[in-house]
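Contents: one structure, followed by commentary.
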Amino acid sequence: MASSSTRPKTRGIDFGTIVEGPLARLLLIPALVFLALFVVFPLVWDVYISFTNYALVGPSARHWRFIGIQNYIWIFTDPDFYAALGNTFIFTALSALVGQAFLGLALAVVFRSKEPPGIVGKITKVLKVVAGALVFISWIIPEVVAGYCWAAIMTRGGLFTTIFGINYDFYVYHPLQAMIIANIWRGTAFSMILFMAALESVPSYIYEAAEVDGATPWQRFRYVTLPLISHAILVDFILITIWTFGLFTLLFILIGPLKDYMWTLYVYATAMISYQPSLAAAAADIMFIITIAMIVAYLKVLGYLRRW
């Protein structure tokens, strides 16, 4: 009987060679080409034309030149930019940070809570399923469809205006409030999903120990839940801030290209209505820097809250 040492060795797949060898680098080429074409090149081109007088019409459309920081100076002297910037901060704070994040966290806590025994518990479970389905539907609906739906709901005689006794087109006379309501409805589901996943990672024995120690529900939430899901809160704040700052389709469908209401609408109107893409690029670069500064601020605040 042949020993195991004399048996012929079967040739298997060397996964280490695939993951770390030349083949792995070769497989990365399509992704790198995609990133270069659709991320790196547009970013470089955006920064470059922001220092030129490039336009879509007129002599500058064919013979454009380098003009330094004149576009940035013009942006900082434009009252519409400051109006759009202020509305963008208000819109982001109320619709994303206050609306989506806190409402998403509240829904996640409610959905994760235990149902009471008996028929009340069964009814509560059904209501949770229905509410969860409604929240998910709001997230998967395309932005174009959501924009037209909210325009119809907020028009005179629509569901929203009828319920609140409004006899005019709400989104026309109160565009900022209309955008905030629509964005809260549209984006709460993401925050809820993220926080539900974070809550599932919290061990149940920690809550049981806190309850044995006499901690109230608020104390368990304040001293157990929040610290343990702080990383998820940071991720949620960063993502919804970036997405809300860059939100365009829903706003454009709902209120149109109002230049002084949101920075994305400001950039669109400057590039496509005023035919000045170089000025639009400068405005986009400024908002990119502001977004990065806000993310850094989130990291600082989260570090303080963890010590608190």
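The values are calculated or read from the model by the stated rules, or taken from the named source; none is laboratory data. Please read these numbers as outputs of a predicted model, since none were measured by experiment. Cβ coordinates were reconstructed from backbone atoms using ideal geometry, including for glycine residues, and neighbour counts include every protein chain displayed.
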Filter result (among the aliphatic types (A, V, I, L, M) and in contact with an Asp or Glu (Cβ under 7 Å, 6 or more places away or on another chain)) within region 24-48: Val47
Residues of region 164-202 classified as over 25 Å from Val110 (Cβ atoms) and of a type outside the set (Ser, Thr, Tyr), total: 13
Residue count, region 264-281 (criterion: crowded, with 23+ Cβ neighbours inside 10 Å and modelled with pLDDT under 90): 0
Subset of region 98-126 [free of Cβ contacts under 8 Å to residues at least 40 places away in the same chain, assigned to a helix (DSSP H, G or I) and over 15 Å from the mean Cα position of the chain (by Cα)]: Ala106, Val110, Ile119, Val120, Gly121, Lys122, Ile123, Thr124, Lys125, Val126
Single match in Leu254, Leu302, Leu247 (criterion: over 13 Å from Leu85 (Cβ atoms), outside any helix (DSSP H, G or I) and under 20 Å from the mean Cα position of the chain (by Cα)): Leu247
Counted residues, region 53-86 - those being touching a Lys or Arg at 6+ places or on another chain (Cβ under 8 Å) and without any contact (Cβ under 8 Å) to a residue 12 or more places away in the chain: 0
Residue in region 132-175 that is surrounded by the most Cβ atoms within 10 Å (Cβ to Cβ), counting only those that are of a type in the set (Phe, Trp, Tyr) and part of a helix (DSSP H, G or I): Tyr171
Failed condition for Tyr207, given (1) of a type outside the set (Lys, Arg); (2) buried (at least 19 other Cβ atoms within 10 Å of the Cβ); (3) more than 22 Å from the chain's Cα centre (by Cα): (2)
Output for region 39-63, where each listed residue is assigned to a loop (DSSP other than H, G, I, E, B) and surrounded by fewer than 16 Cβ atoms within 10 Å (Cβ to Cβ): Leu56, Val57, Gly58, Arg62, His63
Subset of region 259-288 [over 24 Å from the mean Cα position of the chain (by Cα) and either in a helix (DSSP H, G or I) or of a type in the set (S, T, N, Q) (or both)]: Met272, Ile273, Ser274, Gln276, Pro277, Ser278, Leu279
